[in-house]
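Some notes on the structure that comes next.
Derivation of every value follows stated rules applied to the coordinates shown; laboratory data play no part. Since this is a predicted model, take the numbers as computed values, not measurements. Glycine also receives a Cβ, built like all others from the backbone with ideal geometry; neighbour counts cover every protein chain displayed.
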Amino acid sequence: MVYGALERGKLHGARPKLLNESEILAQVGVMRIVQFDYAIGLIASTLNGLFRCQKTIKN
């Protein structure tokens, strides 16, 4: 199964900028990071991997 989540900008209309993409992609279970105008999309193969990814994201 595949899990996904969106991390939005801190302010309404703000475009988030990912600062540690290589660190997140190196984590176990993380499959892909998708950049949107309004959010950063995270895709992981495990739910725990997704939660770990959300905690370590720096934007």
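What is the local net charge at residue 3, summed over the other residues whose Cβ is closer than 12 Å to its Cβ (Lys, Arg +1; Asp, Glu -1)? Spelling it out: positives minus negatives among the neighbours equals +2. Compared with the dominant principal axis of the Cα atoms in the chain, helix 47-56 is inclined by about 40°. The share of Cα pairs per 10 Å bin across segment 3-56, counted from zero up to the longest distance, runs 28, 55, 17, 0 percent. Summing Lys and Arg as +1 and Asp and Glu as -1 over all other residues whose Cβ lies under 11 Å from the Cβ of residue 15 gives a net charge of +2. Only Lys, Arg, Asp and Glu carry charge here, each on its Cβ (+1 for the first two, -1 for the last two); on that basis the chain has a dipole of about 160 debye about its Cα centre.
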